[in-house]
Amino acid sequence: MKQLFLILFLLATATFAQQKNNAQQNNTPKNNAIGLWLQGGNSGEYWGLDYKNLGTDVITDIYLHLSASNNNFSLGLYGGYYFVNNAIKADASAGKFPIHYGPTAGFGYWNDGGTDQHNFNGFAVRAGVVGGISWILPVAFPMDISVELNPVAEYQHTSWEDGYGEKQSGNSWEIPNLYFRILFHAYVF
């Protein structure tokens with residue numbers, strides 16, 4: 001787990017350093033954003049945090065879901081590398097409308113202690129594609145609103161204790177699974 005966080009941190013740092021170097025060479029503004037997302041299509045993940053690096057031709061996106069309440073805990077960490085198409089032309093006063101699409105992958109973990117002492121937990125590995133559109137608002141403080149569709153294939157491994165206290169487990173595939181996300185970002189650095 002620590003190795004995965006280290007890899008994601010190094011990826012984000014390398015992307016940030018590359019964008020900073022490009023910004024210094026081209027005199028372009030910084031395009032790193034922090035935001036929130038809401039999601040439909042997954043019964044365990046409804047919202048989370050998002051880091052987005054908007055380049056001229058690509059977007060690097062890392063998003064996180066973390067939830068803990070009572071005996072329940074869930075964590076999801078995902079990343080995407082999207083290509084940008086500025087096909088929608090609009091007057092500058094209306095903002096910009098970049099279209100993005102590309103691969104995404106990640107993993108999730110959950111533990112539902114439950115009230116009946118039958119500990120139910122599992123993990124999932126997900127891979128898919130994302131297609132979406134953003135509206136970069138024409139305001140002094142840069143921000144955007146995005147919508148995305150995300151068809152994925154997801155492998156799940158679950159384990160639980162049965163009524164006799166013995167460990168049980170199972171594996172399953174969810175193909176295809178479709179998620180819908182609404183995102184809000186503020187370009188803060």
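The values are calculated or read from the model by the stated rules, or taken from the named source; none is laboratory data. Just so we're clear, the structure is a prediction, and the values are computed from it rather than from any experiment. In this analysis, Cβ positions are derived from the backbone assuming ideal geometry, glycine residues included, and neighbour counts consider all displayed protein chains.
Quickly run through segment 131-189 and pick out the residues that are of a type in the set (D, E) and more than 18 Å from G76 (Cβ to Cβ). Break it down into steps so the answer makes sense when it comes.
First pass over segment 131-189, keeping only residues of a type in the set (D, E): 144, 148, 154, 161-162, 166, 174.
Scanning segment 131-189 gives D144, E161, D162, E166.
Scan segment 138-182 residue by residue and report those that are in a loop (DSSP other than H, G, I, E, B) and not hydrophobic (A, V, I, L, M, F, W, C).
Of segment 138-182, the ones in a loop (DSSP other than H, G, I, E, B) are 138-142, 162-166.
P138, P142, D162, G163, Y164, G165, E166, listed by residue number.
Of the residues that make up segment 66-81, is at least one under 19 Å from V188 (Cβ atoms) and modelled with pLDDT of 90 or more? Full working, then the answer.
Taking segment 66-81 and keeping what is under 19 Å from V188 (Cβ atoms), we get none.
Checked segment 66-81: no residue is under 19 Å from V188 (Cβ atoms) and modelled with pLDDT of 90 or more.
Any chance segment 153-161 includes a residue that's closer than 19 Å to G40 by Cα and in contact with a Ser or Thr (Cβ under 7 Å, 6 or more places away or on another chain)?
For segment 153-161, residues closer than 19 Å to G40 by Cα and in contact with a Ser or Thr (Cβ under 7 Å, 6 or more places away or on another chain): present.
Could you list, ordered by first residue, the pairs with Cβ atoms under 6 Å in which the first is in segment 168-189 and surrounded by 15 or more Cβ atoms within 10 Å (Cβ to Cβ) and the second is acidic (D, E), at least 6 apart or interchain?
N177/E154; R181/E148; L183/D50; H185/D144
Being at pLDDT 95 or above, among the β-branched types (V, I, T), within 16 Å of F189 (Cα to Cα) and out of contact with any helix residue (DSSP H, G or I) (no Cβ under 8 Å at 6 or more places or on another chain), is that true of even one residue in segment 21-43?
Yes, there is a match, as at least one residue in segment 21-43 is at pLDDT 95 or above, among the β-branched types (V, I, T), within 16 Å of F189 (Cα to Cα) and out of contact with any helix residue (DSSP H, G or I) (no Cβ under 8 Å at 6 or more places or on another chain).
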